[in-house]
Amino acid sequence: MECKIVADFKQGLFCIDPLYGYILGDPLEKLPSYFETWNELAKNMPKLVETKEFRNKVNNMTLLDIAKLNGHKEKRLAHLQLAIIASGYIWQEGEEGVTKSIPEQLAVPWYRLSEELDLKPILTYADIIIINWRKKDENKPLELDNLRCLYNVTEGENAEWFITVTIQIEFEFAAAIQSILEAIQAVSDSDTPRLNRCLREINDVILNMLKVFRRMHEKLTAEVFFKKMRPFLNGWGTEGNCLPEGLIYEGIDDKPKKCVGGSAAQSSILQTLDAFLEIKHNKDKQMFLDEMKEYMPKPHRDFIDAIKKSPKVRNYGKTFCVDRSNHVIYVR
């Protein structure tokens, strides 16, 4: 009998692409002409921040109606664009000149769209990574050196490399999602050889992800990341932050709201593996991970929860011993 999680996956309930995994397949690069102001400001944010013109342009922006957005991809792109615009607006003058609020014409559509998409009103991993890619050459394979990002918080090949390496890691994990589903089904069917094969496949995927990750320093230095990129990925309302009380979204609420900045901890990958292998963390770490999970797209959170409710690979694996020559499974 087919497991519920497998059936739900086939029905598309988790918004996970069989080829791309958690990455959104074929994302849009531009919104319709009605939203051209957002298109232009998001694309040119790094240059306009550099010349200190960005805040003025945002202040002069008109309030646009998000009801004119059609479909999930347009809404996700709009959320990315508005998040990029907000980051530039807030951090244009650095920490010394940070603004404590964002204007209504930015805050209202962004906040309402966040509510509709069940995403946080901040530049998250789900924005800057999950939907922020295209192939350089559509006729060439999907691989790191053929990736480009659509939007960024700063200019330069180094900054783009950080994003494309992270995107490629997500692409690599797509194969593991298929193996995880098959492994769960194998446990349900008591099919040990099949489970054994799936676990080896997952191991191979993790090794491939590590190979990609090790390429990060080919083009990205710590100085570029921490001095040029990281400031735009900061959150607000956390201890030690230059916006300790949070950010005011004008037109929404006079009370500052708190959000955690974009982080790789908001990727669904590790929490998917934790759920599958029943990895336990100490209380403080688990509280942090639970908070980061809230920054993932809801269908991806639902997938992680569904794994936790599925047949347990660890319990099944404990009945076997390690035998490297025959690849017999064992989960400690």
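Each reported figure results from applying straightforward, stated rules to the coordinates on display, with no laboratory input. It should be emphasised that the depicted structure is a prediction, and the values quoted were computed from it without experimental measurement. For neighbour counting, all protein chains shown are included, and Cβ atoms are generated from backbone atoms with ideal geometry for every residue, glycine included.
Some values worked out for this structure:
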item	result
Shape category assigned to region 90-159 from the gyration tensor of Cα positions, a/c cut at 1.5	oblate
Under 12 Å, Cβ to Cβ, from D137 - net charge with Lys/Arg +1 and Asp/Glu -1	+2
Which label in (i) 20.8; (ii) 19.9; (iii) 18.5 gives the computed mean projected area of the Cα convex hull in nm²	(iii)
Antiparallel bridges, percent of DSSP beta bridges restricted to the chain (to nearest 5)	75 percent
Cα-Cα over 18 Å, subset of K4/K285; K68/K100; K43/K68; K120/K257	K4/K285; K68/K100; K43/K68
Rounded to 10°, Cα long-axis angle of helix 283-293 versus longest principal axis of the chain	70 degrees
Dimensionless Rg ratio for region 40-188, taking C-alpha atoms and the 2.2 N^0.38 Å reference	1.21
Cα gyration tensor shape for region 1-78, rounded if a/c is under 1.5, else prolate or oblate	prolate
GluC sites (Glu not before Pro) restricted to region 190-274 and DSSP loop, no more than 16 other C-beta within 10 Å	E239, E245, E250
Positive-end extreme of charge dipole, the chain - chosen from P299, G251, S101 (charges on Cβ)	P299
GNM flexibility winner over the chain from K312, K227, K52 (Cα, springs under 10 Å)	K227
Neighbour-limited loop hits for GluC sites (Glu not before Pro), region 49-155 (at most 16 other Cβ within 10 Å; DSSP other than H, G, I, E, B)	E53, E93, E138, E143, E155
In region 260-302, trypsin sites (Lys or Arg not before Pro) in a DSSP loop with at most 16 other beta-carbon atoms within 10 Å	K280
